[in-house]
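Take a look at the structure set out below.
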Amino acid sequence: MAEDMEESAEILGDINLTLGMLNKEDNISKEDIYGHLASTIQNTDILDDAIVQRLIYYASKDMRDDNILREIRMLAGEVLVSLAAHDFNSVMYEVQSNFRILELPNEFVVLALAELATSYVSQSIPFMMMTLLTMQTMLRLTEEERMKGAFCVALEKFSRAIYKYVNHWRDFPYPRLDANRLSDKIFMLFRYIMDKWASTTSPTQILAIIKAHGPTVSLLLHREDLCEYALGQVPWLLNQYKDKEIDFHVTQSLRQILTAAVLYDVSLPKALRKAIFINLLRQVCRVPEPPEKENETEASNCFLILAHSNPADLMDFFDEQMRNNHEAIRMGILTLLRSAINAEEPKLRDHITSIEKAVKVVMGDLSIKVRNSTLLLIQTMCEKCYIEAREGWPLIDYIFTQFSMSNKNLEKPIKPNSQETEKGETSIREISLEVLKTLDPLVIGMPQVLWPRILTFVVPAEYTGTLKYLFNIIRILFMAEERKKKNAEESTALVISTGAVKLPSPQQLLARLLVISMLASVGKLRGAGAIGLLKILPEIIHPNLVELWKTRIPELLQPLEGKNSSIVLWETMLLQLLKESLWKISEVAWTIQLSRDFNQQMDSYSNTSVEKKFLWKALGTTLASCQDVDFVSSQIKEFLAAPHHLGDQRQGITSILGYCAEKHFEVVLKVLKTFQDREKFFMNRCKGIFSGKKSLSKTDVMVIYGAVALHAPKSQLLTRLDQDIVSQVLFLYGQCSRVLGMSVANKDMDLQMSFTRSITEIGIAVQDAEDETFKFSYKEVLLGYMLDFIRDEPLDSLASPIRWKALIAIRYLSKLKPQLSLNDHLNILEENIRRLLPLPPLEKLRNEGETDKDKEHIQFLYERSMDALGKLLRTMMWDNMKAEDCQEMFNLLRMWLVSQKDWERERAFQITAKVLTNDVEAPENFKIGSLLGLLAPHSCDTLPSIRQAAASSAIGLFSIKGVHLEVERLQDLQEGLQCDDVQVQIKISSKIAKIVSKLIPSEEMLVFLEETLDGLESLNPCTKACGVWMITALKEQGATLEDQLLEILGIIYHHMPVLRQKEESFQFMLEAISQIASFHMDAVVANLLQKPLPFDRDTKTLWKSLAENPASSGKLLRALVDKLENELEDDLARIEAISVACAVYEVVSTGTPVASLYPELFALLLKLVSCTLGQKMPTSALSRRRRVMPQGERQQIADPCRLSTTTLKCVQAQAMREGLTKESDEGDNVWTLLSSPSTHHIGVCALARSMAVWQHGIIRDITEQLLPSLTSSSENYRITGTAFFSELMKEPVLWKHGNLREVLVLMDQSAWDSNPILRQMAIRGLGNTASGAPHKVKKHKQMMLESVIRGLYHLARTEVVCESLKALKKILDLLTDRDVSFYFKEIVLQTRTFFEDEQDDVRLTAILLFENLASLTGRRWKIFFAEEIKKSMISFLLHLWDPNPKIGTACRDVLIICIPFLGLQELYGVLDHLLDVQDLPRARDFYRQFCMKLSKRNQEILWILHTHSFTFFSSSWETIRSAAIKLTDAIILNLTYQYVELVDREQLTTQLQALRQDPCISVQRAAEAATQTLLRRCKEISVHL
C-alpha cells in the first residue's frame, strides 16, 4: 500500500513538473510532453482533480491553436480524450463549449467529439442529440476539405456509437432513449453529405465518405422507413471500387452493411445482390494484380455473410462463374467455398450436392493453381462431412489422379519443366498426400463412398507414393466394420455396388502387400501399413489363411519392435509366411495365378530397390510351392529365354531359379542343361548364349549354378555336385577365359567376381550339408584359383572387391574335407596378410576415387576385406587343436602389431580382435602372458580403433582360456577408449589392467613383465601404458611374487641402462621399485633429508616416487609434519626445517592429499615463512657442487623465505583442489607480497581472506595453532599473527565457532604497540570486529574507541591514520550519539584535519566518516558541529570536482546531509543538479547558483567561504585550484556591498594575477574571469557610493 502511494505521488510530481513546461513556446518539447502525458494518463488509475482541470485547459487550448504544428494538436487532442477516463463531464463540457450552433468549429474539436463518442459510448449518448443538432447547423458552413473530412469522421463515429446503443440499450445504465430521434438526425446529416459532397473528385474526401458510409447505412437499416433509402446508397458504394488504396474501405463498409442486413432481417433486392456478388468476386479474383490481403480477407468475410443469408443464390452464382474457364475466378471461388465450409455455416450444408457439382466442373482443368485449390477444397469437404455417397467418389478419385499426374509430370515430363512448373507440381503432390493423411474415413457418409472402391488404388504402381496413407484408411475402415460386427447382430456392410470400378483380385492384393511389407525392415511406414493390412484382410485374400495368419503374423511383427531389425531376417520370415500360406491354400490354380501376378508387377519397382529383390525371391518361392511341374518348367524356360523382362536379368533369374530349386532341384538342373545344349558354338565370353544383349551370358549361367547349389535340398546336392554343378562352373569359366581357343590371363573383374561368388555359394552349400564323409575333390583347385586372384591384385590400390570375395571363398573352402596341413595354413595366411596389411592408408586409398560415391565404395571394400581376413585367420587358427600351431599362426601378425606405421598396426589389431573375440575356445596349453604384455599396452595407442581392438584382444585372451571376467564393466571401460584425451585413455587402461592383472597365471608373470619392459624401451606411443600395466600387475600380484622377486628385480635392473635415457620409462621403473619396496621404508625419510639443499633432480624424483606410492604417501607426510614441528624455533629457523619444507613441497606437488594435516601444516609453514623473512641460507647448508651451477640457480636457492613460501603456495594449491580453501583475491601476487618484509603483512591478510570460513573445524584448528603468534617474542611472527587474525575478525561464523574473544583483547593491546605495521593490523582487526561481532563493539566501545582514536594521531604513517578512519567509520555505524558523545568533538576535529590529505584513500574515508558523524551529533554537539560544517564547507564544495570521482560523490552526499544543520534547505534545489551523473553542471554555473541562493539566506557563510578559499589557490590539484577560483568568482558576484568593501582587493588581485600565469589553461581562464568579476563589482561599489 505504501509503495502504491509513493508511486502515485511520484507520478503526480512528474505531471506537475510537465505542466510547468507547457507554457514554453518550444513546439518540439511540447510534442514530447504530450506524448509523455498520454502514456502517463493511460497508465494511471487516479489523478488529482486540480491536475485534471489544468490538463484539460492546456490540452484544449493547444488543440485549438492554429499556430501550433498539426502533429502537436493531434497529440493534445489524444490527451484531452484520455482525460475523459478521469472526468468525462469536464472534458465534454470543454469540447461542447467550443462546438456552438451556426459557428464553424475547430477541426480538432470535431475529431475530439468523434473520439469521445467511440471511446466512451455510454457517457456520450445522452449528449448525442445536442451534438447532432449543432452539427446539422454547421454542414452548410463547411467549405474546406479538411473540415468536411472531420465531419465525415464524426458521422462515422456517431453512427457506430448509436448503432451500438440501438442493439445493446439494455446494457446502458440509464432509461431507454428514443433512438429514432437520433437516427433521424443521422439520416439528415448523411443525406446532406451524399447529396452535396459525394460528387466530389477529391480522393481524400471520397475516402472519408466511404468510411462513414458503412456505419451510417448499417444504422439506418434498423428503420423500415429509412431502409429503402439506405439500400439505395449501396450502388454508390459499389461504384467506388476503382483504386486499390480505397478498395479495402469500400469492402469494409459493405461488410458492415451486410452484417446489419442479416441482423435486421433485411432482404437485399436481387439486382443489388447480383451487383454485390460480382463486385466482391472481383476483389477476390483481381487480375492482373493480386488483391491486397486485408481487402481479400474482408471480401471473404462478406461472402460468408452472404452464404448465411442467401446460400442458394450464392451457389447459383458460383456455378455460373465456374463455367467461365477463368483461372483466377475458379481459384477465388474454390477458396471462398473452402472458407465457407470451414466456417461451418449451417445453411450451406443443404447445398452439398451443389458444391460437389461445382467441384466437378473444374476437375478437368489442367491449371496447377486450380488443381491446387481444388485439392484443398476437397480436403476441407472431407474434414467437414461435405461428401455424399452418391456424388462423392469422383472427388476421392481426383486426389489419387492428381498425385499420379504430378508424379508423372515431375518424373517423365513431355517437355522440360520450368522451375515454377516443377514447384507447382511438387506442391500438388504434397497436397494430395496431405489430403490423404488428414482424411478421416469414418466421418458421416465417407465409408459408403470409400469401400471397397478404395482398394483399386492398392495395386497400380503410380499410386505407390500414397500407400502409407491409403493403407491407414483401409485399415480404419475394415476395423470399424469389425467393431460393428461385434457390437451388433447385423452389420451395416461396407461393401456396396462398385459400379464400373474393377477391384483387384486376392492374388494381386497378396502380391502387392507382401512386396510392400518388405519396406518395414528399412523403417518405411507403408511397409508397416502393408503388413498391418495383411493381418486384418485374410478373409479377403483366402478363407484358409485366417487361422494361419492369426498366429503367424503377430510372430512376424516381433522383429520390427526392435530398433535394428535385420533386412535378411525380415525377408526370410516373409518368404516363410508365403510358403506356409501357399501350403495352406493348396490350390494349384490359385498358386499359378499368384506367380503370374508377381510377374506382372515386375515393372512396378526399380531394379536396385528392396521391393524388386524381394519380388524375385517371392516369385521363386511361389514357383517352388507350385505342384504343376510342367508350369514351373515352362516358366523357367521363359525366364531363361527372355530374362530382360525381370529387370536386372542376372539378379532376377538367379534369385528366381535359386529359390525355385528348393523344391524343384531336378527340374531346374534339367532345364539349365537343356538351355546350355541348345547353344553349341561359343564365339567368346562377351556374347550371350543366344545372340543379342537381352540374352543370358555364360557368366550369368555360372552364377545361376551357384545359387541353385546354395538353395538345393541338402539330401540331393552332394550326389550331383561334382558332375552337374562344379564341373559346369569350371567349364564355363574356362570357356570365358579363352580367346580363339587359347587360355589367357583373365582380367575380367565381372567374370572373376561371378566365379568367386559361385564357388563361395557352393562351399557354403557343402558345409551346410554336414556330411563328414564327403570329401570335396575340387578343394585344392578352387583354392589355387582364389589365391591367384588375390596375388594378381595391386598392392597400392583397392578398387576391386576381388580380394574380399576371394577371402570369403577361401574361408569356406578351408573348412571342407580333406583337412589342410599347418604349412598350407601358414602359407595361405601369410600370402593374404602380405597382400592386405601393407596397403596404403585408407584416406589415400579413398582419394583414388573420383567422386564421393567412389570413395565410399573404396571404404566399403576396405572394411569388408579386413573383416574377411580376420574371419579367415580366426577360422584357420581355432580349428586347429594344437596350442603350438595356434601360436605359430598368431606370430604371423606380431611384426605388424608393432609396425611403425599407424595404419598397419590398426589393421593388425582389428584382425587380432576378430581372432580373439566372439566366444572362441583355445587349446588347453595356450599361453596368454606374453600376448597380453604385447597387446594390452596398445589400449593407449594413437588411434582409437587400435585402442578398442587392443582392449578387446586383451579381454578376449582371458575369455578363450575360460576365465570369467566382469564383462559389462570391461565393455563400458572399453567404450571410453574412444576419447582422444591421453590421460583418460591411461586411466581407463589402468582400470582394465586392475581387473585382469590379478587373473594372470602366476607362472606367466615373468614373461608378461619382460614383454612390458620391452615395450617401455621400444613402443613410443604406448610407453606409458606399458608402465601402467607393469605397475598394476605388481600391485595386484606383489604379495604372490616372493619366490620370483629376485628374478623380477633382475629383469628391471637389466633394462635400467636403456630406460634411464627415457624419462617417462625411467619414472615407471622407479615406481616399480617403489611398489616392490613398499614394505621397507624405515630409514628412507631420515636418509633423504641428509641430502644438501636444494635437492638435485634424482632426490626430487625419489621423494615424488615415494609420495606417489599410495601405500606410503600418508605416512610420509605425517612424518614430515612431525619433523618440521620439532625443528622449528620462533626466532630463527634451522636448516633442517628448511629441508623438511623442501621435502614437503616435493611430496605435496605430486597431489598428495593434505586434508587431515592441513591446519598443522599451514600454521607451521606460515610460521616458517615469518621466521625466515630477511634471512640468508647458512653456508654450511649449500652443496659444494652448487658452485658450478649457473648464477641464476645460486640466486634462486639463497633465500630460505622464498623456499618456505613456495612450499606454502604448493600446500595452498593442493588445499584449494581439495576444497579446503579458496583462491586469494590477490592471485599469485600474494606470494610475492608474503615473501617481502615490507609487504609481508599485506600478503598475510590476503592469505587470511582466502580461508574457507565455512570449514569450521579447519579454521578453528588453524586459529588454535596461530594463537601463540600474538604473544610471540618474535616481532615478525606477531605481525604475521595479528595480520592474519585482523581479517578473520570480520567473519561472524568464526566468532561463533572460534576463540576470537581472547584475540580481541590482544588486538587492543597491539593497537598501542610502537611498531606501525603491528599497530595498523591491530586497528584493522578492531574495525573488522564491527562486521564480525557487532555486540562486542557495543560491549567494549570505550576500549576500542580509545585505541582507534589514538591511531588518528600517528601522523607519520598515513596507513595507520587511514586504517583508523576506516575502523572508526565501521564502529560508529553501530553506536548511538550517547555512546560517542564523550569522543565526538575529538573525532570531528581530527577527522577535519584529513580533508586535504594527499592520499585519496585518507581523504575519501575522512569525508565519509564526517558524513556518518552528522547522524551522531545529538543535542549537545549540534551547534559545535554546525560551526565545523561552516569551516569544512569550502573543502566539500571544492572537492566536488576532485580528481577522484568517488570523493566528488562523497562531497555531494555530505553537503546534502550537512545543509540542514545550517538551515539552508533552499540549497537542495541547486544540489539536485549534482545527482545527474551523466550530465553534471559546470563548476562555474553550479557555484554561481549555489552562492546566489546562499547570499539571499546567509551572507556570513558566504564570507566564511571567501576567507577560506585563498588557501586553495595553491593546491597541488589543477581541478581544485580552478574550482577555488570559480567559487571565489561566484562569491564576489553575490556578496553584498558591505561585504565587498571588506574584501582585500589588493591581495585578491595579486593572487589572481599570479594564477593567470598558471600552467593549466582552465586555471588561467578562471582567474581571468574572476578578475573581471572583481573589477565589475568594484565599479558597482563606486557607483553605489
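The values are calculated or read from the model by the stated rules, or taken from the named source; none is laboratory data. Since the model is a prediction, treat every value here as computed from it, not as a measurement. No Cβ is skipped: glycine too gets one built from the backbone with ideal geometry, and neighbour counts run over all protein chains shown. Accessible surface areas use protein heavy atoms only, side chains included; no ligands, DNA or RNA. Shrake-Rupley method; radii C 1.70, N 1.55, O 1.52, S 1.80 Å.
Assign unit charges at the C-beta atoms only (+1 for Lys and Arg, -1 for Asp and Glu), then state the dipole size of the chain relative to its Cα centre in Debye, rounded to the nearest 20.
The dipole magnitude comes to about 1600 debye.
What share of Cα pairs, in percent, lie more than 15 angstrom apart in region 938-983?
40
Need one number: the % of Cα-Cα pairs in region 768-912 sitting beyond the 18 Å mark.
58
At a Förster distance of 60 Å, what's the computed FRET efficiency of ASP792 paired with VAL1293, Cβ-Cβ distance as r, to 0.05?
Working: r = 84 Å, r/R0 = 1.40.
My answer for the efficiency is 0.10.
Rounded to two decimals, what is the ratio between the C-alpha radius of gyration of region 1474-1585 and 2.2 N^0.38 Å? It would help to have the intermediate numbers written out before the result.
Values: Rg = 13.8 Å, N = 112, 2.2 N^0.38 = 13.2 Å.
Working it through for region 1474-1585, the quotient is 1.05.
So if we plug the beta-carbon distance of GLU856 and GLN558 into 1/(1 + (r/R0)^6) with R0 = 35 Å, what FRET efficiency do we get, rounded to 0.05? Walk me through the numbers on the way to the answer.
Details: r = 33 Å, r/R0 = 0.94.
Computed FRET efficiency for GLU856 and GLN558 comes out at 0.60.
Say the dipole of the chain comes from +1 at the beta carbon of Lys and Arg and -1 at that of Asp and Glu; which of PHE1486, LEU783, SER404 then lies farthest toward its positive end?
SER404
Could you check how many percent of all C-alpha pairs in region 1208-1295 are farther apart than 16 Å?
53
Out of residues 5 or more away from VAL1543 or on other chains, whose amide H comes under 5 Å of its own, with H placed 1.01 Å from N in the peptide plane?
none
Which Rg and Dmax, in Å, describe the Cα atoms of the chain?
Using the Cα atoms of the chain, the pair Rg, Dmax is 52.4, 151 Å.
Where the eigenvalues come from the Cα gyration tensor of region 1525-1585, what are the semi-axes √(5λ) of the equivalent ellipsoid, largest first, in whole Å?
22, 10, 9
Applying 1/(1 + (r/R0)^6) with R0 = 30 Å to the Cβ-Cβ distance of GLN136 and HIS168, what FRET efficiency is obtained, to the nearest 0.05?
0.70
Taking the Cα centre of region 364-448 as origin, work out the dipole magnitude from +1 charges on Lys and Arg Cβ and -1 charges on Asp and Glu Cβ, in debye rounded to 20.
Details: 10 positive and 12 negative charges, 41 e Å.
In total the dipole reaches around 200 debye.
For LEU1093, list long-range residues whose amide hydrogen, built 1.01 Å from N in the peptide plane, is under 5 Å from its own amide hydrogen.
For LEU1093, the qualifying residues are SER1183.
For ARG1565, ARG100, write out the residues from largest to smallest accessible area, computed with a 1.4 angstrom probe and no ligands counted. Show your work: numbers first, answer last.
Numbers: ARG1565 170, ARG100 105 Å².
Result of the area sort, largest leading: ARG1565, ARG100.
Over all directions, what mean area does the Cα convex hull of region 498-549 project, stated in square nanometres?
That works out to 4.1 nm², a quarter of the Cα hull's surface.
Residue by residue through region 1153-1168, what is 3J(HN,Hα) from phi via Karplus (6.51 cos²θ - 1.76 cosθ + 1.60, θ = phi - 60°)? Round to whole Hz and write x for glycine and proline.
Per-residue couplings from phi come out as x, 10, 4, 5, 10, 4, x, 5, 5, 5, 4, 5, 5, 5, 5, 5 Hz.
Starting from the amide H of THR1221, placed 1.01 Å from N in the peptide plane, find each other amide H under 5 Å away whose residue is 5 or more places distant or on another chain.
Here MET1216 satisfy the definition.
Mind pulling up the Rg/Rh value for region 578-635? Radius of gyration and Kirkwood radius, both on Cα.
Looking at region 578-635, the ratio lands at 0.99.
Output the peptides 1518-1530, 1550-1562 sorted from most to least packed, where packing is the average of other Cβ atoms within 10 Å over each peptide's residues.
Final packing ranking: 1518-1530, 1550-1562.
Calculated from DSSP H runs of 4 or more alone, at -39500 (n - 2.57) each and per residue, what is the 222 nm mean residue ellipticity of the chain, nearest 500?
Numbers: 81 runs with 1080 residues, N = 1585.
Computed ellipticity for the chain at 222 nm equals -21500 deg cm²/dmol.
Roughly how compact is region 1383-1480, stated as its Cα Rg over 2.2 N^0.38 Å to two decimals?
Relative to the 2.2 N^0.38 Å estimate, region 1383-1480 comes out at 1.04.
Once you charge only the Cβ atoms, +1 for Lys and Arg and -1 for Asp and Glu, what is the size of the charge dipole of region 1297-1355 about its Cα centre, to the nearest 20 debye?
Details: 8 positive and 4 negative charges, 45 e Å.
Result for region 1297-1355 is approximately 220 debye, rounded to the nearest 20.
Please list the radius of gyration and Dmax for region 185-262, considering alpha-carbon atoms only, with Å as the unit.
Spelled out, the Cα radius of gyration and Dmax of region 185-262 are 11.7, 35 Å.
Describe numerically, in nm with one decimal, the distance between label points set 7 Å from Cα along Cα→Cβ at ASP1472 and at TYR192.
5.2
Can you tell me the Rg and Dmax of region 877-985, counting just the alpha carbons, in angstroms?
Over region 877-985's Cα set, Rg and Dmax evaluate to 13.6, 41 Å.
What does the charge count near GLU793 come to, summing +1 for each Lys or Arg and -1 for each Asp or Glu among other residues with Cβ under 9 Å from its Cβ?
On the way: positive: ARG791, ARG803, ARG835; negative: ASP792.
So the surrounding residues net to +2.
Go through region 1133-1150 residue by residue and turn each phi into a ³J(HN,Hα) via Karplus (6.51, -1.76, 1.60, θ = phi - 60°); whole Hz please, and just put x for glycine and proline.
8, 7, 5, 5, 5, 5, 4, 4, 4, 5, 5, 4, 4, 5, 6, 5, 5, 7
Going out from 0 in 5 Å bins, what whole percent of all Cα-Cα distances in region 82-223 drops into each bin?
Over region 82-223, the share of Cα pairs per 5 Å bin runs 2, 10, 22, 24, 21, 14, 6, 2, 0 percent.
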